Amino acid sequence: MEEKEKTAEKTEVIDNELPLDKTVRLMSPTRMVVRRFFRSRLSIVGLIMVVGLFIFSFLGPVFYTEWGEIELDESGKTEYSVSQATYTVNGKEYTLRQTTEKSLKDNFLDAPSAEHILGTDNEGYDIFVRLMYGGRISLIVSFIAVFLITAIGVVMGGIAGFFGGVIDNIIMRVCDVLICLPGVPILLIISTILDASEIDAKYRIYLLMIYLTFISWPGTARLVRGQILSLREQEYMVAAEAMGYSVPRKIFKHLVPNVMPQLIVQMSLSLGSMILYEATLSYLNLGVKAPYAAWGTMINIISTNQDILQNHLNVWVPAGVCIVIAVLGFNFIGDGLRDALDPKARR
């Protein structure tokens, strides 16, 4: 009797610990990645940085409409002097008045005020407004370039890794040639050609980014190729072969999705690098031309004017701060995604 009562008690305890009327909820992989991403404080900080820059660049001009991107503030920047002279001709006196307009260039560099939050530059443009429009150029160009690089790299790397043999050798040799191209000298040549053409200065940077896309996709292609070479011999690919699936379906339906975690991390890290590249091109006067704004163009002014570099920090420091925030934000997001997508990390 005592043994039966003990057995009943054990059964009752087990039933209390594992009730049969409750089911265990399994967390989906996507939800697990999102949860692990937001557990990282650096990831959240990076996300706030990037979202803040997007709001500032794209929604800022909608609410702050006092000044435009290429609108000059010439109030009080010009003085007029009137000179008068009297001449006698054939016994008659004539008075000649001449008005001279003089531009006061030194007064263009206004300090921050209620009318201009960050002041004006040496040409009379509102720095705060140009900072917003410059962010549009830098962010849009970087995103377009990174997505094009990833798309071309996935296609070429997927084909090379899946087929191998002659096709793989041809694509990899093309990658080797593109990697060996000198980037900056060719950009200088292209910029000179664009200067001689009638292309709008606002769209020059997009043409240069197309060239950067053309020479930058080999890195992504090599990454995708290496991953696919190891994945194409897996059991699920043997099953897909037995099912008679088409080649595009096997590449883009079964292989590429397994490479996406690495691609997402690389894209987020490449965005920061591309923003730096665009800023460097604009700083070297190879990108966006005046009167249009870009963060690199706003910093370019210190290369020719030492007085602004030393005494007018409000002209170029804000653009540098925006570049630093953008690069740090994308790097923080990339680090967070790398940790969240790592299957070996702790759940």
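Using the Cβ-Cβ distance between Arg39 and Phe63 with R0 = 41 Å, the FRET efficiency computed as 1/(1 + (r/R0)^6) comes to roughly 0.75. Computed over segment 164-207, the convex hull of the alpha-carbon atoms projects to a mean area of 4.2 nm². Estimated translational diffusion coefficient (Stokes-Einstein, Kirkwood radius over Cα pairs, 4 °C, 1.567 mPa s) of segment 275-314: 127 µm² per second.
Put simply, when 251-259, 220-228, 177-185 are sorted by average Cβ atoms within 10 angstrom per residue, most first, you get 220-228, 251-259, 177-185. Computed packing ranks the peptides 276-283, 308-315 as 276-283, 308-315, most packed first, by mean other Cβ atoms within 10 Å. How far is the Cα center of segment 122-137 from the Cα center of segment 237-280, in Å? So the two Cα centres are separated by 37 Å. If you wrap the Cα atoms of segment 285-347 in a convex hull and average its projected area over all directions, you get 6.5 nm². Distance from the C-alpha centroid of segment 307-326 to that of segment 200-226: 28 Å, rounded to the whole angstrom. Averaged over residues, the count of other Cβ atoms within 10 Å places the peptides 234-243, 37-46, 146-155, 123-132 in the sequence 123-132, 146-155, 37-46, 234-243, highest first.
Where a number appears in this text, it was derived from the coordinates with a stated rule and is not lab data. Please read these numbers as outputs of a predicted model, since none were measured by experiment. Heads up, the Cβs are rebuilt from the backbone with ideal geometry, glycines too, and the neighbour counts pull from every protein chain shown.
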